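Where a number appears in this text, it was derived from the coordinates with a stated rule and is not lab data. Values in this document were obtained by computation on a predicted structure and should not be read as measured data. Methodologically, a virtual Cβ is constructed for each residue, glycine included, from the backbone with ideal geometry; neighbour enumeration extends over all protein chains shown.
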């Protein structure tokens, strides 16, 4: 671990990020063009004190999970992210979509979408990043661990995962999730991480076993689904999926399908954060797991 170089790199990257790039209003009294330490702490889900100690070279070795959160908060490119891991004494994550780090270009697109709900997912359905409106609509989906970090696993093993979706759409959504996983399994044939997830799902869910046996294959591009939100009710949303050229990650953009959904989404934006049930999310990372 190269503490002094890590501290300098983090400080300079923080100063280089404009608040507008991460959806923060600059305001008339702002003295710096970059981010404040407390803003980095908020974006990365850690304490301000820990950010200060990192920038002063006084911290213990940060975990890979914490480094990933910092890379997302600071909008690092793939090369910058790898450099961050090297400075902290860790091997950088692999280049494939399973790496668990949303690509810098997709993160910038999240920021540009503003009040339009959007999220970045890996090809196995792990939510790697969300913008604020996506979190307001679905809750924070980025802090799950183990198999629960995969949307398809939660869908077939946790009844709470289905509670936010209309009953009459759930079976079709199940088919689409399984067909998408089948497409990934075919593309990444022989990958033990994919095969292991499929095996564990088959052991955990009879419904998944039945659908998997039908051997349907489809890469999701566009669909429509109805969300049931605890504060604003039902929202019919169109889902557009943009896939990276190597099909390793995808950007999912949710837009209102009708005027009623548009009005309720605007109401949700005004109401702000709702505390979602603890059953649907794991505890977020704090202070590098200290």
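Numbers below:
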{"item": "For 48, 270, order by how many other beta-carbon atoms lie within 10 Å, fewest first", "result": "270, 48"}
{"item": "Residue with peak Gaussian network fluctuation, the chain [Cα springs, cutoff 10 Å], from 19, 245, 159", "result": "245"}
{"item": "Length gained when the stretch residue 61-residue 191 is fully extended (0.36 nm per residue, less Cα-Cα span)", "result": "43.7 nm"}
{"item": "Fewest-first sequence of 244, 33 by Cβ atoms within 10 Å of each Cβ", "result": "33, 244"}
{"item": "Fluctuation leader among 158, 147, 168 - the chain, Gaussian network, Cα springs under 10 angstrom", "result": "168"}
{"item": "Principal-axis tilt of helix 3-16 within the chain, Cα atoms, nearest 10 degrees", "result": "70 degrees"}
{"item": "Nearest 10 degrees, 0 to 90: helix 104-113 Cα axis against the chain principal axis", "result": "80 degrees"}
{"item": "Separation of the residue 206 and residue 226 label points, Cα + 7 Å toward Cβ, nm", "result": "2.8 nm"}
{"item": "Cβ-Cβ FRET estimate between residue 173 and residue 267, R0 fixed at 25 Å, reported to 0.05", "result": "0.50"}
{"item": "Efficiency of FRET from Cβ geometry, residue 246 and residue 36, R₀ 35 Å, rounded to 0.05", "result": "0.45"}
{"item": "Förster-model FRET efficiency, 35 Å R0, residue 258 and residue 219, C-beta, rounded to 0.05", "result": "0.85"}
{"item": "Alpha carbon convex hull of segment 1-96, projected area averaged over orientations, nm²", "result": "6.0 nm²"}
{"item": "Crossing angle, helix 170-187 versus the chain [Cα axis fit, 0-90 degrees, rounded to tens]", "result": "70 degrees"}
{"item": "Residues in segment 131-158 that a label on residue 111 would reach, taking backbone N under 14 Å of a point 7 Å out along Cα→Cβ", "result": "131-132"}
{"item": "Two-decimal Rg/Rh across segment 104-280, once Rg and the Kirkwood Rh are taken from alpha-carbon atoms", "result": "0.95"}
